[in-house]
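Asks: Okay, handing you the structure first.
The values are calculated or read from the model by the stated rules, or taken from the named source; none is laboratory data. Model, not experiment: these values are computed from the prediction. Cβ coordinates were reconstructed from backbone atoms using ideal geometry, including for glycine residues, and neighbour counts include every protein chain displayed.
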């Protein structure tokens, strides 16, 4: 039986440079300021990467491999919950494309190879919009938003 797959594509425009956007994704000390996590790797093709919560516990929440990297315009990596790292079926793929666009940057984040209806697909559909809004806010104003905020109950 074939699993039904889904994907998400998010595009945002940021008043910044490709170099600063790429650095914000790949430098742990920058990512923690808008994402609440650090992306940790040596950023070479085939290398491991970890998505580490930037708190006292330093929990590794996501893991994967660097598939392709071409600074400052492209980064492709596999993506899985740390608890499912050994299951190749649980890995999805994230592609960051960073294009200079007049005096700004167009950032396209594609997250594919996701099992439709899975917890990961559900989390991705809610997570990326908040993370990318925070990235944009951080690079344009120096301050990210609370990516862990929850809707107020009515």
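Asks: Scanning segment 58-80 for residues that are touching a helix residue (DSSP H, G or I) at 6+ places or on another chain (Cβ under 7 Å) and assigned to a strand (DSSP E or B), which turns out surrounded by the fewest Cβ atoms within 10 Å (Cβ to Cβ)? Don't jump to the end; show me each part of the working.
Replies: Initially, segment 58-80 is screened for residues touching a helix residue (DSSP H, G or I) at 6+ places or on another chain (Cβ under 7 Å), giving 60-63, 71-73, 75, 80.
Restricting the remaining residues to those that are assigned to a strand (DSSP E or B) gives 60-63, 75, 80.
On the way: 60: 15, 61: 12, 62: 22, 63: 21, 75: 23, 80: 20.
Going through the qualifying residues, I end up with 61.
Asks: Right, here's the next one. Go through (1) touching a helix residue (DSSP H, G or I) at 6+ places or on another chain (Cβ under 9 Å); (2) at pLDDT 95 or above; (3) within 18 Å of residue 79 (Cβ to Cβ); (4) surrounded by fewer than 15 Cβ atoms within 10 Å (Cβ to Cβ) one by one and return the number of the condition residue 3 breaks.
Replies: (2)
Asks: Could you check segment 95-132 and list, in sequence order, the residues that are over 20 Å from residue 50 (Cβ atoms) and not in a strand (DSSP E or B)? It would help to see each step written out before you state the result.
Replies: At the first step, the residues of segment 95-132 found to be over 20 Å from residue 50 (Cβ atoms) are 97-108, 110, 112, 115-118, 121-122, 125-126, 129-130, 132.
Passing the criteria: 102, 103, 116, 117, 118, 121, 122, 125, 126, 129, 130, 132.
Asks: In segment 31-52, which residues are under 20 Å from residue 143 (Cβ atoms) and under 13 Å from the mean Cα position of the chain (by Cα)? Before you say what the answer is, go through the steps one by one.
Replies: Restricting attention to segment 31-52, the residues satisfying the condition of being under 20 Å from residue 143 (Cβ atoms) are 31-39.
31, 32, 34, 35, 36, 37, 38, 39, listed by residue number.
Asks: Separate question: Condition first: at pLDDT below 95 and part of a strand (DSSP E or B). Now tell me which residues in segment 81-94 satisfy that.
Replies: 81
Asks: Any residue at all in segment 1-23 that's more than 18 Å from residue 110 (Cα to Cα), under 14 Å from the mean Cα position of the chain (by Cα) and in a loop (DSSP other than H, G, I, E, B)?
Replies: Scanning segment 1-23 turns up no residue that is more than 18 Å from residue 110 (Cα to Cα), under 14 Å from the mean Cα position of the chain (by Cα) and in a loop (DSSP other than H, G, I, E, B).
Asks: Could I ask something else about it? For residues in segment 102-145 being touching a helix residue (DSSP H, G or I) at 6+ places or on another chain (Cβ under 8 Å) and surrounded by fewer than 17 Cβ atoms within 10 Å (Cβ to Cβ), which is farthest from residue 23 (Cα to Cα)?
Replies: In the first step, residues of segment 102-145 are kept if they are touching a helix residue (DSSP H, G or I) at 6+ places or on another chain (Cβ under 8 Å); the result is 105, 107, 109, 111, 114-115, 120, 131, 134-135, 137-139, 143-145.
Retained after the next criterion (residues that are surrounded by fewer than 17 Cβ atoms within 10 Å (Cβ to Cβ)): 115, 137, 143, 145.
Values: 115: 30, 137: 15, 143: 16, 145: 18 Å.
Top of the filtered list is 115.
Asks: Kindly indicate whether any position in segment 43-53 is closer than 18 Å to residue 133 by Cα and assigned to a loop (DSSP other than H, G, I, E, B).
Replies: Applying the first criterion (closer than 18 Å to residue 133 by Cα) to segment 43-53 yields none.
Within segment 43-53 (the criterion being closer than 18 Å to residue 133 by Cα and assigned to a loop (DSSP other than H, G, I, E, B)), the answer is no, since none of the residues qualifies.
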